[in-house]
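One structure is given here, and the rest of the page talks about it.
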Amino acid sequence: MPSRRTRAHSAVRWQRLDDEALLDVRLCDLGLRLERSPLAASVEALQEELSARGLKRFKPRFWLSSDWFSPDGLAGVALPFYLAHPRLMRLERKQMQSVEGGGAEARRRLLRHEVGHAIDNGYRLHERRGWREMFGAISTPYQPHYRPQPYSRAFVQHLPHWYAQSHPSEDFAETFAVWLQPEATWRRRYQGWPALRKLEYVDHLMRSIAQRSPRADSRGAYEPLEELEVTLRDHYAVKRRRYEVRFPFAFDRGLRRAFARALPGDKRVSAAQFLRRIRPELVQRVLNVTDTNAYTVEQVLHDMLKRARELRLVVDGSTSSARVDAAVLLATQTMNFLHTGYHRVAR
């Protein structure tokens, strides 16, 4: 087993590698430690939130792993390795076009959500009759996709894409995450919503366990970083496949409205070439109005660009007008993707 000094030297070396060489490094060889990373402050702040809400005896375990998750049965939270070092955050962005939890507020939201799963595991809260009546059976199968109701007031709104609606377990975790904020905040925010009953139930539930410790058999970690022998290259290949989307939306009407059909010998700029050129601008415009991740938008744009090429469309007239039409079409199809049951469950 390599010494601590050897691991430290190894860590310095991978920091200096270019992306291609870095992708061949195994996750277990990164030599990262949570307590020495920027994540340590976020974890400490979360522990302070738990104490402030009366949960001083609940101290979930945190460790670095491949992604965000709370393993079934364990009162702990795995944190993604890339948030432990700026060099790895840059690689994550290049590979996935976004960094989940890269911003302070997004990180707080994700931590609160995952700790909701951890406290459920630690106290087996889902086994209680009241929990099942309020949120549903935890044995409900996870679906690869779910069909959210964007305007429903029966669920809290914490993580994007109405994630509370995806499964009873997620409904509880999202409700807990909102409850973890000061009581005056969530009572005011959800006044008059059916979701307020869930928050009041969680409030009662947390008071009932405040003086108890989690079950002893809920301790431990799952897939810690030091045990993951997969390379970064293989890790991202799997991750991209998991988030890849393909769906049968008809782009034709919108594309034909924005562009014209090419004529024999046409010298005008092709719509596909135009879309490729303004790709970063289009993606950013959609991100500004849809609260989704860049990888999803890129996937929708990829299919849109492919269809424009198949239809042999060209830019006809004002490029500024074509820019607007293309942005509207991309935003519309992205929202269709989110609203019609093709949003992928991440856990």
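Sorted fewest first by neighbouring Cβ atoms within 10 angstrom, Lys198, Lys59 come out as Lys59, Lys198. Rounded to the nearest 5, what % of DSSP beta bridges with both residues in the chain are antiparallel? Counting only bridges with both partners in the chain, antiparallel ones make up about 60 percent.
Per-residue ellipticity at 222 nm, computed for the chain from helices alone with -39500 (n - 2.57) per DSSP H run of at least four residues, works out to -16000 deg cm²/dmol. Once C-alpha pairs closer than 8 Å and six or more residues apart are averaged by separation and normalised to the residue number of the stretch 4-236, the relative contact order reads 28 percent.
Mind ordering 271-280, 75-84 by average Cβ neighbours within 10 Å, highest first?
Numbers: 271-280: 17.7, 75-84: 24.1.
Ranking, from highest mean packing down: 75-84, 271-280.
Computed across the stretch 27-161, the Kirkwood hydrodynamic radius from all distinct Cα-Cα pairs reaches 16.7 Å. For a straight C-alpha distance cut-off of 27 angstrom, the lysines reachable from Lys198 (same-chain residues fewer than eight places away being disregarded) are Lys56, Lys59. Of the options (1) 78, 59, 33; (2) 63, 56, 34; (3) 56, 45, 40, only one is Cα extents along the principal axes in Å as computed from these coordinates, and that is (1). For the chain, set up a Gaussian network in which alpha carbons nearer than 10 Å are linked by springs, and say which option among Phe251, Phe62, Phe172 fluctuates the most. Its mean-square fluctuation being the largest, the pick is Phe251.
Laboratory data are not the source of any read-out in this text; all were calculated from the coordinates shown. Note that the structure is a prediction, hence the values are computed from the model and not measured. Because the Cβ atoms are built from the backbone with ideal geometry, glycine has one as well, and the counts that use them run over all protein chains shown.
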